[in-house]
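Written out below as structure tokens is the structure these notes cover.
The values are calculated or read from the model by the stated rules, or taken from the named source; none is laboratory data. All values reported here derive from a predicted model rather than from experimental measurement. Backbone-built Cβ (ideal geometry, glycine too); neighbour counts: all protein chains shown.
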Amino acid sequence: MNATGQSAVFGRRKEPHTVIIARGNEIRHFTVRPWLAAFLGSALAAIAIGYLLATSYLVLRDDLIGATTARQARMQQAYEDRISALRAQVDRITSRQLLDQQLMETKVSELLERQTQLSQRHGRLGPLLERAENEVGTPPAEASPAAAKPDQHAEMTGSIGQATQTYTVASLGAGDTKPFSLWSTRSDPLPDDSAADRADRLFVSINQSLKTIESEQLTRITALADNAYKSADAITQALEAAGLPVDSDLGKSDVGGPLVPLDSSMMFDSKVKELDEALDTLDQIKKEARQLPLTNPAPGHSVTSPFGVRTDPLLGTAAMHTGMDFRAPIGMAAKVTAAGVVTKAGWNGGYGRMVEVDHGNGFATRYGHLSEIDVTVGEKVDAGAIIGKTGSSGRSTGPHLHYEVRHNGEAIDPLRFLTVGRKVAQYL
């Protein structure tokens, strides 16, 4: 082993570094180990790096803060722009909804007004139509368009599947809201349609239904007025053809003037007035016709002797027969042929038991050879009233009913009245 303690196998050993510090007579030395040197070097390097980093941060801090502030400002501006756009969109939607609501309120008000108008018309038409149907009868079915489109009224007043659209309409007066249910003719609205578009189509459909109802009302009124005029003309023509008195100028007038188109809103009133005038005309014609003795005093019984010249049944010579004789058994009810007042009721020579009834306008009827009289002088009787019973009193060869019609005291052939009565019976 050598003196330095050096290993023969591992080679020469390194001696540690020694730092010697001399100060005057004092000498100090320090041995620096390798790990200590490495530690000190690392510490110095870390300090240097930290210093450089701190210096860089201090230098770049303002730029970083400025960039961050600018980024935050851009984000805030973007958010504000987005919020403004959303607010504008909300305002547009709100404005559209308000406009749609106002439009719906206007249309609903129009529909309610038209519905009220139709209800008022129905109230006016009720008694008038009842009177017309009693006087004229039901108009022909083909005159009404309801048969062609029977479902239009149901589309307005009934629910069709899932087509019910309920809208809440703000009340203009009270400020509250109330539901207003309408029915649309579409059960499959388009996906791109808005509520306003669907409501608009709905209102159009309802308007069409209301117009259909109005058209049906006007058509019905017109048909009844035409039928009334036709009935009045038929009665007038039958009476005039038989030479019986009738006011032929009733319902007619000499008028003229420029043609002024009629406003649609006045059409209904005009048609109602026309129907009322037609019914008045028909009623007046019927009153005049009913005052005439047009019915058969012995329906179902044959005539044994007509009016006119004939051979007298007792003397066998030519004689004037002033009435008609109807075969009738003793005790059959004798009925008056028109309303009037009894002017004679008792025995009257060859007539036997006789009843005379004054019908006004100079017309009177006589019922002779009765076996019984059931009325008194001055008594008012209606058409068809029983005035007595048939028999064979007076100058008669057998039981029968002697019937006369007189105008201003002059005998008239009753057959003229019976013929007219058969023609106008369906109108009276």
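Between GLU105, GLU110, the distinction of being at pLDDT 75 or above, over 30 Å from LYS230 (Cβ atoms), of a type outside the set (Gly, Ala, Ser) and touching a Leu at 6+ places or on another chain (Cβ under 9 Å) belongs to GLU105 only. Exactly one residue among TYR403, TYR427 is over 23 Å from SER305 (Cα atoms) and of a type outside the set (A, V, I, L, M), and that residue is TYR427. Scanning the range 278-333 for residues that are within 11 Å of HIS400 (Cβ to Cβ) and among the aliphatic types (A, V, I, L, M) returns ALA298, VAL303, MET324, ALA328, ILE330, MET332.
Counting only strands (runs of 3 or more DSSP E) that sit wholly inside the range 313-383, not one has at least 1 residues that are free of Cβ contacts under 8 Å to residues at least 24 places away in the same chain, surrounded by 20 or more Cβ atoms within 10 Å (Cβ to Cβ) and of a type in the set (Val, Ile, Thr).
Evaluating ALA411 against the criteria (1) touching a residue at least 60 places away in the same chain (Cβ under 8 Å); (2) assigned to a loop (DSSP other than H, G, I, E, B); (3) over 54 Å from the mean Cα position of the chain (by Cα) leaves one unmet condition, (2). What residue, among those in the range 400-412 that are of a type outside the set (A, V, I, L, M) and surrounded by fewer than 18 Cβ atoms within 10 Å (Cβ to Cβ), is nearest to ILE235 (Cα to Cα)? For the range 400-412, the residue satisfying everything is HIS407.
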